[in-house]
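Enquirer: Please read through the structure below; I'll follow up with questions.
The values are calculated or read from the model by the stated rules, or taken from the named source; none is laboratory data. Predicted model, so just to flag it, every value in this text is computed and none were measured. Because the Cβ atoms are built from the backbone with ideal geometry, glycine has one as well, and the counts that use them run over all protein chains shown. Surface areas here come from the heavy atoms of the whole protein model, side chains and all, with no ligands, DNA or RNA. Shrake-Rupley method; radii C 1.70, N 1.55, O 1.52, S 1.80 Å.
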Amino acid sequence: MATSLPTPSLDATSDRFVLPDEFGANISYVSPDGRFVAARARDWGRVVLYRITKPVPRPPLLELTPVAEVRGFANQIAWLEDSSAVLVGTDLDPTRTIQNHDPSMQGQRIAMLNIDGHVVIAPETAREIFYHRAHASPDGRWIWVADRCCVQQILLLSRDGGEVRKVVPPAPPDVGVGFVGWDRDGLLLYWELSGDGSALVAVDVGGAEHYRIPAPSGFRTVFWGVLASAPDRSWQLLELSGGMGSSFRARRLLVGRELRSVPESLDGSSYGPLAFGNEIVYGGETETTLRAYQPTSGRIRDLPLRLDLSSGVSTIGISDGYFVWMELITGYVADLETGRRAILPLQKTVNVSIVEGARLAEYHSDDNAIVIFDLATIAKR
């Protein structure tokens, strides 16, 4: 249940809950649908999955109900996109914390905490997850995981947590591989680097190659990553980069099995790019106007929102048509279709995540609270 800390006052623009003292709000993570939170202990030795509920009549604080937990040094938290489970990278040793963990990660495993309370420990070859979103396949049956970060192979964990499938075997010493994402047909995409250059490769979950797209002429050994995609993955905006320490960046569209160029303004944009339904929102270094590019039609339209570039703009994200950004230490939210904006009372040190339904979760270190802002209500005030 909620802690006995002083009850803060609320208005209609946000919901708030305070984690028990054992846990740190700034190291925990809310589910994409905003109904659960994976709370991590301050010493990183425990993760508890809580359900967030709003009692009726509504009090100023939400309530937390424990659903599942795992003990042991937990350095990774990743939610499935459908919010049905959270994956935790942990060594499963209840004596281990951030102060005395094994840095080799030899004993690390993935624990799957389902929202129905069922906990599954994955096979020992599934040790790591690298992002706050768990990159499940479009059909929800497989989740990309890793053995250890430096092992050059591609592994998938079944949704039930019982099977680890080696989709791409360990690469030879002169070849590198890395997970990229999934295409519209449910094929796994990975990059492959070698002395001859690089390519984007698509395989099914059995490891059979379906197609291969070489990097554009002159790019040679580049890494590939997904920046934005259509809801149905009919197009995906890819970034090709030179890796750490390199200034090389280029953007291309993956449409079906074809790699296409993008408008010059999008290729060199500084703000975004962010998916906005079937469009890509972005802005340039000197232009104050945000634009929306529609990959299917090629249309570019100006959005009725302008940024003050002299104020050190940094973009945060989009939730259901509401754009969130910072100008120096001031947070803002705006309706992308009307341009109407409002100040969003974020902390100076930004620690947030996008939540479905035009919401944003903010994680506090000072009062150990998590605030979920109603972006639509704030933008329309």
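Enquirer: Only one of ARG51, ARG58, ARG96 is among the charged types (D, E, K, R) and either touching a helix residue (DSSP H, G or I) at 6+ places or on another chain (Cβ under 9 Å) or at pLDDT 95 or above (or both); which?
Expert: ARG51
Enquirer: Shifting gears a bit: Could you please find all residues in the range 268-288 being assigned to a strand (DSSP E or B), over 16 Å from ASP335 (Cβ atoms) and over 18 Å from the mean Cα position of the chain (by Cα)? So that I can check it myself, show each step before the final result.
Expert: Residues of the range 268-288 assigned to a strand (DSSP E or B): 271-276, 279-283.
Restricting the remaining residues to those that are over 16 Å from ASP335 (Cβ atoms) gives 271-273, 275, 280, 282-283.
Once the filter is applied, which keeps residues that are assigned to a strand (DSSP E or B), over 16 Å from ASP335 (Cβ atoms) and over 18 Å from the mean Cα position of the chain (by Cα), the range 268-288 yields TYR282, GLY283.
Enquirer: Can you pull out every residue in the range 93-115 that is over 20 Å from the mean Cα position of the chain (by Cα) and either surrounded by 23 or more Cβ atoms within 10 Å (Cβ to Cβ) or in a strand (DSSP E or B) (or both)? Don't jump to the end; show me each part of the working.
Expert: First, the residues of the range 93-115 that are over 20 Å from the mean Cα position of the chain (by Cα): 93-109.
Answer for the range 93-115, where residues must be over 20 Å from the mean Cα position of the chain (by Cα) and either surrounded by 23 or more Cβ atoms within 10 Å (Cβ to Cβ) or in a strand (DSSP E or B) (or both): GLN108, ARG109.
Enquirer: I've got another one for you. Quick test for you: out of HIS135, HIS118, pick the one residue that is open to solvent by 40 Å² or more (accessible area, probe 1.4 Å), over 27 Å from PRO169 (Cβ atoms), touching a residue at least 24 places away in the same chain (Cβ under 8 Å) and not charged (D, E, K, R).
Expert: Details: HIS135 fails: over 27 Å from PRO169 (Cβ atoms).
Exactly one residue qualifies, and that residue is HIS118.
Enquirer: Now for a separate question. Can you spot a residue in the range 79-92 that is among the hydrophobic types (A, V, I, L, M, F, W, C), open to solvent by 40 Å² or more (accessible area, probe 1.4 Å) and part of a strand (DSSP E or B)? It would help to see each step written out before you state the result.
Expert: First, pick out the residues of the range 79-92 that are among the hydrophobic types (A, V, I, L, M, F, W, C): 79-80, 85-88, 92.
Of the ones still in play, those that are also open to solvent by 40 Å² or more (accessible area, probe 1.4 Å) are 92.
Now narrow it down to the ones that are part of a strand (DSSP E or B): none.
Checked the range 79-92: no residue is among the hydrophobic types (A, V, I, L, M, F, W, C), open to solvent by 40 Å² or more (accessible area, probe 1.4 Å) and part of a strand (DSSP E or B).
Enquirer: Now for a separate question. If a residue must be open to solvent by 30 Å² or more (accessible area, probe 1.4 Å) and closer than 16 Å to VAL177 by Cβ, how many such residues does the range 148-160 contain? Talk me through it step by step, then tell me what you get.
Expert: The first filter runs over the range 148-160 and keeps only residues open to solvent by 30 Å² or more (accessible area, probe 1.4 Å), leaving 148-152, 159-160.
Among the residues that remain, those that are also closer than 16 Å to VAL177 by Cβ are: 148-152.
So the count comes out to 5.
Enquirer: Does ARG220 satisfy being part of a loop (DSSP other than H, G, I, E, B) and on the phi > 0 side of the Ramachandran plot?
Expert: Details: part of a loop (DSSP other than H, G, I, E, B): yes; on the phi > 0 side of the Ramachandran plot: yes.
It is true that ARG220 is part of a loop (DSSP other than H, G, I, E, B) and on the phi > 0 side of the Ramachandran plot.
Enquirer: Would it be correct to say that TYR293 is hydroxyl-bearing (Ser, Thr, Tyr) and open to solvent by less than 20 Å² (accessible area, probe 1.4 Å)? Show your work before the answer.
Expert: Values: hydroxyl-bearing (Ser, Thr, Tyr): yes; open to solvent by less than 20 Å² (accessible area, probe 1.4 Å): yes.
Here the answer is yes, as TYR293 does meet what is asked.
Enquirer: Also: I want to confirm something. Restricting to the range 193-206 and keeping residues that are open to solvent by 30 Å² or more (accessible area, probe 1.4 Å) and modelled with pLDDT under 95, which single residue is nearest to ARG141 (Cα to Cα)?
Expert: Taking the range 193-206 first, the residues open to solvent by 30 Å² or more (accessible area, probe 1.4 Å) are 194-196, 204-206.
Next cut, modelled with pLDDT under 95 only: 194-196.
Values: SER194: 31, GLY195: 34, ASP196: 34 Å.
Within the range 193-206, the match that is nearest to ARG141 (Cα to Cα) is SER194.
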